[in-house]
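Have a look at the structure below, then the notes.
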Protein chains: 2
Amino acid sequence: MRVLKYAILGLLDKGELSGYDITSQFKKEIGQFWSAKHSQIYPELKKLTDEGFIEYQTVIQGTKLEKKIYSITKSGKQELDKWLNTFSPIPETAKDEFMLKAYFISSMSKEEANELFTDQLIKRKRKLNHLDERFNELQEKIDDPISFDSPHFGHFLVLTKAIEREKGYIEWLERMLPMLNK
Amino acid sequence: MRVLKYAILGLLDKGELSGYDITSQFKKEIGQFWSAKHSQIYPELKKLTDEGFIEYQTVIQGTKLEKKIYSITKSGKQELDKWLNTFSPIPETAKDEFMLKAYFISSMSKEEANELFTDQLIKRKRKLNHLDERFNELQEKIDDPISFDSPHFGHFLVLTKAIEREKGYIEWLERMLPMLNK
DNA sequence: AAACCCATGTAACGCGTTACATGATTAT
DNA sequence: ATAATCATGTAACGCGTTACATGGGTTT
C-alpha cells in the first residue's frame, strides 16, 4: 500500500521540508498515528523524486552543509488527492502487544496479571498527562473555538484522538482491574 | 521482537493446535489485536520446533490427509512466561491510516472531509454491531458474572477492549463531524 | 459435479528496524 | 572543548503480504 509515500506527500503539501524535517515531524504531532525512521525516509524521497511526485532544491546551510528542500509537484498533489478520497475498509487487526498478553491471561497467575495491568495503567496515565500538556500548548496557539479553517486543525484532530485513545484505555483498565484484585 | 513466536506459544499453552487451527484463531477472538497469515505461521512453527519450544505429532485425518498437531514444551512454557512477565513501554506510534488522512485535512475540501469522516463513522458503527453480537454470544456461554478463573476470560478481555475501541472511535467522530458540516 | 473447507508448504517482494558511516553546525 | 542537534546516506536483517503450488475431505 505504500502508506509512507502518502505520508510524505501529505507533509510536503503543507509546506517544503528536508528529509531531516520529515523525520522530525514523525517524532511530533503525527507520530501518534504514523512514523518512519530516516533510513526509510531517504530512499523513499529518492523514489518519489524519480516518480515525479516531488522535487528538490539544494540549499547550503552555513558554509558547507548541504540540505535538500523537497516540495510536492502537481502530479504529486493529484496522487495525494486520490489517496485522500479513497474510502478504505477498517483493518481487521490493530496490533497491540499488551492486548495479546491480556488474551493469554489464563497462562498467568492472578498476581502476575495484576502487576501487568497495573503497570499498563501507570504508563497510560503518564502518556495521557503528556498529551494533555501538549493540548494545553495547542490551545494557546489557536483562536478558540477551533474550526475547519485553522492551520492547526489537523494537529487538533490527532491530539484529541490520541487523548481519547488513552482515556479509553485507562477507563477499560480500571474497569478490569477489580477482577484481578480479589 | 518476534511477537508471532509468543502469540503461537500462548495459543499452544491453551491447547494443542495444528498450523491450520492457529491460522483460524487469528481470524477469530485474538484477531482484533494480533494476526498472521498461514505463509508466516508454517515457517515459524518449523523454527519453534527447531528451537525446542514446541513439538508435534502427525495425525491422519480420514485416509491420507496428514496434519501436525503441535504442543508447547517445558522450555516453551518458560519462554512464554518470561515474555508475559516483561513490562514493555507503550509504543510511540499505533499506526492508523485513517488518522493519517485526518491529519492532512487541510489538503481536503470541507465536503471531502465530511464524506471521509461519515464513511468512517458508518464503518465503525457496523463493526461495533458485529462485536456486540459476538459479546452476546459470549454472554450465553459464561457463568455471569465472569471472573479471572473462567476459561473465557481472555476472550472477554479482548472483546470488551475491542468494543471500547470502537465506541471511542464513534464518540470522537461524532464530536468532530459538526465542525465539518457547517 | 461444483463449491467450499481442511491442510501444508514455498517464493518473491515490499515494509520497517537496527546498525554502520560520515560530517557540519550550534549551544553550553 | 564538548555535547547536542542538524543533515544525509547505505547495509543487513527480520517481519509481513501476496501469489504460487498442491492435494484431501465434506457439503450441496
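Just so it is clear, none of the values below were taken in a lab; they were calculated from the coordinates. Note that the structure is predicted; figures quoted are calculated from it, not measured. Quick reminder, even Gly has a Cβ in these numbers, built from the backbone with ideal geometry, and neighbours come from all protein chains shown.
Could you give the length gained by full extension between residue B:143 and residue B:126, i.e. 0.36 nm per residue of separation minus their alpha carbon distance, to one decimal place?
On the way: separation 17, 0.36 × 17 = 6.12 nm, distance 2.80 nm.
Contour length minus the Cα-Cα distance gives 3.3 nm.
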*Where a ≥ b ≥ c are the square roots of the eigenvalues of the C-alpha gyration tensor, would you call the stretch B:72-182 rounded, which needs a/c under 1.5, or, failing that, prolate if a/b is larger than b/c, or oblate?*
oblate
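Run the helix sum for chain B: -39,500 (n - 2.57) per DSSP H stretch of 4+ residues, divided by residue count, reported at 222 nm to the nearest 500 deg cm²/dmol. All intermediate terms of the calculation are to be shown ahead of the outcome.
Details: 8 runs with 110 residues, N = 182.
The helix-only estimate for chain B comes to -19500 deg cm²/dmol at 222 nm.
In which sequence would B:101, B:161, A:74, A:167 go, from the one with the fewest C-beta neighbours within 10 Å to the one with the most? Walk me through the intermediate numbers first.
Working: B:101 27, B:161 23, A:74 9, A:167 16.
Placing the least packed residue first, the sequence is A:74, A:167, B:161, B:101.
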*asked:* As I understand it, the dipole of the protein assembly as shown uses +1 on the Cβ of Lys and Arg and -1 on the Cβ of Asp and Glu, about the Cα centre. Which of A:3, B:121, B:106 lies farthest toward its positive end?
replied: A:3
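If you average 1/r over every pair of different alpha-carbon atoms in the stretch B:3-84 and take one over that average, what Kirkwood value in Å do you get? List each step's numbers first, then the result.
Numbers: mean 1/r = 0.0777 Å⁻¹.
Roughly 12.9 Å, rounded to one decimal.
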*For the rotation that superimposes chain B on chain A, which residue of B has the C-beta lying nearest to the axis, and at what distance in Å?*
B:168, 2
*How big is the stretch A:1-160 on each of its three principal axes, counting only the C-alpha atoms and giving the largest first in Å?*
60, 41, 37
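Sort B:65, A:173 by Cβ crowding within 10 Å, fewest neighbours at the top.
Working: B:65 8, A:173 19.
By the 10 Å Cβ count, ascending, the order reads B:65, A:173.
Let me know the longest stretch in chain B that avoids all GluC sites (Glu not before Pro) found in a DSSP loop with at most 16 other C-beta atoms within 10 Å. Each step should come with its number before you reach the end.
Numbers: sites that count: B:16, B:51, B:92.
Within chain B, the longest run free of exposed GluC sites (Glu not before Pro) spans B:93-182.
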